[in-house]
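**Q** Take a look at this one; I'll ask things after.
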Amino acid sequence: MGIFFNKNKEKRPVGKGKVVSFLNQKGGVGKTTMAFNTAHALAQDGSRVLCIDMDPQANLSYLFDIDVSETGAPSIFQLLVNSVRELKALHRPALWTDVVCKVGNIDIIPAGQELSGFELTVSAISAPRPLLLKKFIEINALKTVYDYIVIDGPPTLGLIVVNILCASDGAMVPFRPDEFSHKGLKHFYQVLEDIDDMGIVEIPEILAHVPNLVDSRRKQEGTDLERISTTLGEEATIVDPFLNRAQLVKSQAQKKSVFDYSSKEFLPLQSKFSEMATIITDWSKEHRSEC
Ligand SMILES: Nc1ncnc2c1ncn2[C@@H]1O[C@H](COP(=O)(O)OP(=O)(O)OP(=O)(O)O)[C@@H](O)[C@H]1O
Ligand SMILES: [Mg+2]
């Protein structure tokens, strides 16, 4: 095989931290918004939280006020490349501890535009391509350093998303209740099934489907939401919808989380994101007691 990673990887403690990703191949459904604010809700409760931006658009990094394309600093792309021996020619001296940025009480490994070349860069390696992110997390024992690793995914279903799914213990799926989401969610589940069929990893648990940007005055959305619930089946958790809220747009424009505001108008959003964090922490506790 002549590859890769760290020979001692089996000896490293796996850790009890959980990897939770925000995924949907549809664009603009609120993945980044939810990853950002839920990460803040988790950190507020004292959890050690790492965010990993796995979207070449780097919107999550932007919200944390990090722009690697401006600074030329290494990003998640370089760390993933560095973890593959076969890509030695592309290695640059960067450890994850050099790349991680601390913003308030959250750590973030940023992304940059170069992540869009990920698929091509790793296309010829013989190491298992779907497992690069998972191995990166294991090799660096990140689950022993953090309670929660929150990953923001891109609006695609390519190799990056497959890597995220293989690395995740749980996933949250924001969606807009419309006709297109209905089809999109089916494709998403197909990819999950394909990964399951590969038999190389345990697929993540879908912790919640989160209807977002809902306008309660539009009847059609209620109908579409019902249809999606039927398709997903009784066992799927669909949380109460997030309404379209101007406060979210405002907070993002200021690169702040909803918890940075003390005015009353932010209370409903704070409680919604705390609810998301509780879904994650409750599930994590259950999971831990099973271990
Ligand atoms: N509940 C909401 N109310 C108002 N605006 C929202 C809400 N949720 C998200 N938005 C806005 O919608 C836009 C898209 O959200 P976001 O970037 O989080 O989606 P995304 O799924 O990450 O998109 P992409 O697939 O492009 O990464 C952003 O401008 C965000 O501020
Ligand atoms: Mg996004």
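Throughout, read-outs are computed from the coordinates displayed, never taken from laboratory work. Source: prediction; values computed, not measured. Note that each Cβ is placed from the backbone with ideal geometry, even for glycine, and that neighbours are counted across all protein chains shown.
**Q** If the viscosity is 0.890 mPa s and the temperature 25 °C, what Stokes-Einstein diffusion coefficient in µm²/s follows for region 9-290 when Rh is the Kirkwood radius over Cα pairs?
**A** 128
**Q** Now, a different point. Local charge sum around Asp55 (other residues, Cβ-Cβ under 15 Å, Lys/Arg +1, Asp/Glu -1)?
**A** -3
**Q** Let me ask something else about it. Around Phe175, which amide H atoms from residues at least 5 apart in sequence, or from another chain, sit under 5 Å from its own amide H, with H modelled in the peptide plane?
**A** Val210, Asn212
**Q** As an exercise, take the mean of 1/r over every pair of distinct alpha carbons in region 96-148, invert it, and state the Kirkwood radius in angstroms.
**A** 13.0
**Q** Calculate the spin-label point distance for Glu286 paired with Gln247, positioning each point 7 Å from the Cα along the beta-carbon direction, and give it in nanometres.
**A** About 2.9 nm separates the two model spin labels.
**Q** Which peptide among 41-48, 147-154 comes first, and what is the full order, when sorted by highest mean count of other Cβ atoms within 10 Å?
**A** Averaged packing, sorted descending, gives the order 147-154, 41-48.
**Q** For Glu221, what charge total do you get from the other residues with a beta carbon under 14 Å from its beta carbon, if Lys and Arg give +1 and Asp and Glu give -1?
**A** In short, -1.
**Q** Which one, Val161, Val29, Val214, has the greatest fluctuation when you compute a Gaussian network model over the chain with C-alpha springs under 10 angstrom?
**A** Val214
**Q** Could you give the length gained by full extension between Glu265 and Asp98, i.e. 0.36 nm per residue of separation minus their alpha carbon distance, to one decimal place?
**A** 56.3 nm
**Q** With θ set to phi - 60° and the Karplus curve 6.51 cos²θ - 1.76 cosθ + 1.60, what are the ³J(HN,Hα) couplings of region 180-189 in order, to the nearest whole Hz, using x for Gly and Pro?
**A** Values per residue, Gly and Pro as x: 5, 4, 4, 5, x, 5, 4, 5, 4, 5 Hz.
**Q** Still on this structure: Sorting Met34, Met172 on the 10 Å Cβ count, fewest up front, what's the list?
**A** Met34, Met172
**Q** For a quick check: sort Ile109, Ile279 by the number of other beta carbons within 10 angstrom, fewest at the front.
**A** Starting with the residue having the fewest Cβ neighbours, the order is Ile279, Ile109.
**Q** Compare Lys134, Lys255, Lys183 in a GNM of the chain, Cα atoms joined below 10 Å, and give the one with the largest fluctuation.
**A** With Cα springs under 10 Å in the chain, the top fluctuation among Lys134, Lys255, Lys183 is at Lys183.
**Q** Arranged by the count of other C-beta atoms within 10 angstrom, fewest first, what order do Thr121, Thr38, Thr144 take?
**A** Thr144, Thr121, Thr38
**Q** Taking the simple approach of a point 7 Å from Cα along Cα-to-Cβ for both Thr121 and Thr237, what is their distance in nm?
**A** 3.4
**Q** Continuing with this model, one more query. Cα extents of region 104-188 along the three principal axes, largest first, in whole Å?
**A** 41, 38, 24
**Q** Among Gly17, Gln220, Gly184, flag the residue with its Cα farthest along the positive direction of the charge dipole of the chain, charges on Cβ as +1 for Lys/Arg and -1 for Asp/Glu.
**A** So the residue furthest toward the plus end is Gly17.
**Q** Related question: Just to be sure I understand the model, the point goes 7 Å from the Cα along the line to the Cβ. What's the resulting Val145 to Glu202 distance in nm?
**A** For the pair Val145/Glu202, the computed spacing is 2.4 nm.
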